[in-house]
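So the structure is just underneath, and the comments pick up after that.
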Amino acid sequence: MVRYGLVIDLDRCIGCQTCAIACKLENNVSLGNWWNRVLTVGGSMIDTSSGSYPNTSIFYLPITCQHCDNAPCVKACPVSGTYRREEDGTVQLRIERCVGCRYCMAACPYGVRVFNWAEPKHLPEHGTGYQGVVKDEGWIIYSPERPKGVVEKCTLCIHRITDGQEPFCVAMCPARARFFGDLDDPNSKVSKLVKERSGVRLLEELGTQPKTYYLPPKRGKQSFTNLYEAFVKHVESTLTSIISTSSDISLKAIASATLKRVLQRG
Amino acid sequence: MAKHSPLFYGWLIFLLLLIGGGLGAWIIQLQNGLIVTGMRNVVSWGIYITLFAFFVGISAGGLIVSSSAHVFGVEEFKPIAKVATTLAAACVAVAALSIIPDLGRPERIAYLILYGNPLSPLIWDFTVIVVYLVLCIVDLWFMMRAELARKGSRLTFGFNDVSPKAVAKDERIVKVISFIALPTAVMLHTVTAWIFGTQISRSWWYSALIAPIFLASAMISGLSLVILTVLIMQWRSRIRVEVKTINTLGKLLAVIIPIDLFLIGNEFVIRLWSAAPSETLPLTLIFTGPFLPFFVYEWIPGAILPFILLLHPRLRMNPKILGLAALLVLTGVLSYRVELVVPGYIYPPILLPPGIAKGEYSVGLSSFGVYGVYFPTWIELTIGAALFGIIALITTIAYWIFPIWRTEKNINQ
Ligand code: SF4
Ligand code: SF4
Ligand code: SF4
């Protein structure tokens, strides 16, 4: 069986919110709603640390639907609008079946479900991201248009993973902190990471069996250097690909100037 | 049909205005979406679900009283069985109705039948509500059939036999229904409690005690509404209910109030002792936070005071004092419902900045609020008031056109 899941390396996550924005763009998430958010584990406000100098601590916790195997939202939904897909283990929502009772929002311990309280608004108005529709047994489970009165949440980028691509938040993470793969395959990268780094799951004690694993932060200079390198490498490869493939001359010029600056700093 | 006082017609007009207002508010809500309510992504249930639980409670309580007349042979309750059953039917119908404004897509309500998920407590509740409502109506019909037949009403559907034999048969059927209705009423409120009690993600709700608390509070709120209605009808008509009946109702109320408090108090002790934030955070909302007034009201004027008032038979038998006690208990139970639903949401299990997207920026602090906030808007309050209005209207109309009040005994008097 395939059980797709995410692994998030908290040592690598720099709290840049790129995955949160990427998700919003790719899935045309309406203004005010977020499927994916990066929480701060530290002080009482975003981007602040706990403790006082020099004994401070901060790391980030990106959170989105955990695609629980024993999902309370699935059990709660009176019309099976939310359900677990047997073929890949993801938890999906039939947009046109949801009656908007929000019982699933009460049931989800991770607070990742959002409701369309009003007719969704987008910026730019015509929307962004994937414009296609994904159906499962005749029911729409992804559409860029989700009307008012229904719940929505992360689909694990169902339109991308069924197409052999990684979820968009995984692909866009500049720190390469997010990994996607089959947790049932012991040789997959995600299974190995979970094993090697003793991955943990959120609120495991509730028995929801989430399929999002977090690699606990080790903290230290070593990992920070790694992180910086990874970041620079990612920027480098992105810029190089723009320089070599883009036909836009001004874009090429900006990219090579930026690349030069990045390389000088590294 | 007897002539009625101007007060009666004034009351009818008032109720119709109340309901009309609610309808208007609902139309506004349908056009704009639930954004016009105070609910958001953190506190995603509010007044509608609170009232739902409240109405289901009153209904179950009412029927437990009227069916126990037959099941336990409480003779005193027989004369008020019709009133109690009418109230039970009205309240459960309105409870079901109060779910509709809560739905984001009310036009899909038939999906509850088409695609019902057998694991969802909401579906269990829906099923019990339907069975229960049908039982109430059938029960009422058998209680009133002979009476309707004597008046030549068409509502007998042709069963116009009023011979002693037929009436005795009706009574036997009512008795049988009571034996089914009593456990159904208990299940009705138990299953409603499970909607909350099964939710492992909300520590405030996740408790096996919720169902017993719901039952106790259902009994006292149901009894109170029956008492109030009986007193009002007595005040507005010449027919009198026996003192014994009133006395027993008051006594029963006095017995169950402490049971209710005992159960709720148990919850507090267990949670406080654990001192785990997930258990005590909701309690801080109730002991020191914005829900303190509800808590104080529920316990003192809503329970302890009426309990004391009902202790002495002399006070208990004074209609004004009994009515006051019943009103206090009813509003006290409503306070309990408020304390149950919303505080379950305020502190979500994962409580880190910037928190769960509320759909709104919280100015000054982080980009999004970490805690939930909820305050009902006038739309919600208007719809809520209309729901009360519908219960009152159904009862008034039933009083007006059906013989829900008269009993064999009363008529012979
Ligand atoms: S994280 Fe929440 S929404 Fe996602 S599967 Fe689990 S319970 Fe459902
Ligand atoms: S809001 Fe929709 S998806 Fe959620 S429980 Fe209700 S019907 Fe199911
Ligand atoms: S997997 Fe896709 S839908 Fe889910 S958080 Fe990532 S980008 Fe958003």
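Let me confirm something: among A:T208, A:T162, which residue is of a type in the set (S, T, N, Q), modelled with pLDDT of 95 or more and within 16 Å of ligand 1 (Cβ to nearest atom)? Of the residues listed, the single one that is of a type in the set (S, T, N, Q), modelled with pLDDT of 95 or more and within 16 Å of ligand 1 (Cβ to nearest atom) is A:T208. Applying the set (1) within 8 Å of chain B (Cβ to nearest Cβ); (2) in contact with a helix residue (DSSP H, G or I) (Cβ under 6 Å, 6 or more places away or on another chain) to A:C73 leaves exactly one unmet item: (1).
Out of (1) within 16 Å of ligand 1 (Cβ to nearest atom); (2) within 22 Å of B:I35 (Cα to Cα), what's the single condition that is false for A:L123? In the conditions (1) within 16 Å of ligand 1 (Cβ to nearest atom); (2) within 22 Å of B:I35 (Cα to Cα), A:L123 misses (1) alone. Scanning the range A:79-114 for residues that are at the interface with chain B (Cβ under 7 Å from one of its Cβ atoms), in a loop (DSSP other than H, G, I, E, B) and within 15 Å of ligand 3 (Cβ to nearest atom) yields A:C108, A:Y110, A:G111.
Restricting to strands (runs of 3 or more DSSP E) lying wholly in the range A:14-70: which have 2 or more residues that are of a type outside the set (D, E, K, R) and within 10 Å of ligand 3 (Cβ to nearest atom)? Outline the logic, then answer.
On the way: elements: A:37-41, A:50-52, A:55-57, A:59-63.
Of the strands (runs of 3 or more DSSP E) lying wholly inside the range A:14-70, those with at least 2 residues that are of a type outside the set (D, E, K, R) and within 10 Å of ligand 3 (Cβ to nearest atom) span A:59-63.
Filter the range A:123-157 down to the residues that are at the interface with another protein chain (Cβ under 10 Å from one of its Cβ atoms) and in a loop (DSSP other than H, G, I, E, B), then identify the one that is nearest to ligand 2 (Cβ to nearest atom). My answer is A:V150.
Looking at B:G33, B:G22, B:G38, B:G61, just one residue is of a type outside the set (F, W, Y), on the phi > 0 side of the Ramachandran plot and in contact with a Gly (Cβ under 8 Å, 6 or more places away or on another chain), and that residue is B:G33. For A:C77, the stated conditions do not hold, so it cannot be described as open to solvent by 10 Å² or more (accessible area, probe 1.4 Å), closer than 30 Å to B:D102 by Cα and either touching a residue at least 40 places away in the same chain (Cβ under 8 Å) or not assigned by TED's automatic domain parsing to the domain that holds A:K148 (or both). Considering the range A:161-170, and only residues there that are open to solvent by 30 Å² or more (accessible area, probe 1.4 Å) and of a type outside the set (D, E), the residue that is farthest from ligand 3 (Cβ to nearest atom) turns out to be A:G164.
Of the residues B:A208, B:A218, B:A168, which single one is within 16 Å of B:Y336 (Cα to Cα) and more than 14 Å from chain A (Cβ to nearest Cβ)? Steps first, please.
Working: B:A208 fails: within 16 Å of B:Y336 (Cα to Cα); B:A168 fails: within 16 Å of B:Y336 (Cα to Cα).
Checking each option against the conditions leaves just B:A218.
Suppose we filter B:V191, B:V162 for residues that are of a type outside the set (S, T, Y) and either farther than 30 Å from A:A106 by Cβ or away from chain A (no Cβ under 14 Å) (or both); which single one remains? Give the steps one after another, and end with the answer.
On the way: B:V191 fails: either farther than 30 Å from A:A106 by Cβ or away from chain A (no Cβ under 14 Å) (or both).
Unique residue meeting the criteria: B:V162.
Of all residues in the range A:115-122, none satisfies being under 21 Å from B:G116 (Cα atoms), in a loop (DSSP other than H, G, I, E, B), away from chain B (no Cβ under 11 Å) and more than 9 Å from ligand 2 (Cβ to nearest atom). Here A:W34 fulfils each of the conditions (1) modelled with pLDDT under 95; (2) farther than 30 Å from A:K148 by Cβ; (3) open to solvent by 30 Å² or more (accessible area, probe 1.4 Å) apart from (2). All of (1) more than 13 Å from the chain's Cα centre (by Cα); (2) assigned to a helix (DSSP H, G or I); (3) of a type outside the set (S, T, N, Q) hold for B:G73 with one exception: (2).
Please tell me if A:R160 is of a type in the set (K, R), more than 14 Å from chain B (Cβ to nearest Cβ) and in a helix (DSSP H, G or I). In short, yes. B:T184 satisfies every condition listed in (1) within 21 Å of B:L119 (Cβ to Cβ); (2) assigned to a helix (DSSP H, G or I); (3) among the β-branched types (V, I, T) except (1).
Can we say A:Y103 is crowded, with 22+ Cβ neighbours inside 10 Å, modelled with pLDDT of 95 or more and more than 9 Å from ligand 1 (Cβ to nearest atom)? Judged against the criteria, A:Y103 is a match.
For every residue, the table says whether it meets (1) open to solvent by 20 Å² or more (accessible area, probe 1.4 Å); (2) closer than 22 Å to A:M105 by Cα.
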position: B:R271; (1), (2): no, no
position: B:L283; (1), (2): no, yes
position: B:V296; (1), (2): yes, no
position: B:W299; (1), (2): yes, no
position: B:P313; (1), (2): yes, no
position: B:L324; (1), (2): yes, no
position: B:L328; (1), (2): yes, no
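Has the range B:101-111 got at least one residue that is open to solvent by 10 Å² or more (accessible area, probe 1.4 Å), aliphatic (A, V, I, L, M) and in contact (Cβ under 8 Å) with a residue 24 or more places away in the chain? Scanning the range B:101-111, I find no residue that is open to solvent by 10 Å² or more (accessible area, probe 1.4 Å), aliphatic (A, V, I, L, M) and in contact (Cβ under 8 Å) with a residue 24 or more places away in the chain, so the answer is no. Contact map, the range A:18-34: residues that are within 23 Å of B:I35 (Cα to Cα) and within 16 Å of ligand 1 (Cβ to nearest atom) paired with residues that are assigned to a helix (DSSP H, G or I) and open to solvent by 20 Å² or more (accessible area, probe 1.4 Å), Cβ distance under 9 Å, separation 6+ or inter-chain. Pairs shown: A:N27/A:F168; A:N33/A:K24; A:W34/A:K24.
The values are calculated or read from the model by the stated rules, or taken from the named source; none is laboratory data. Here the structure is a predicted model, which means the values were calculated and not measured. Backbone-built Cβ (ideal geometry, glycine too); neighbour counts: all protein chains shown. We work out accessible area using only protein heavy atoms, side chains counted, and drop any ligands, DNA or RNA first. Shrake-Rupley method; radii C 1.70, N 1.55, O 1.52, S 1.80 Å.
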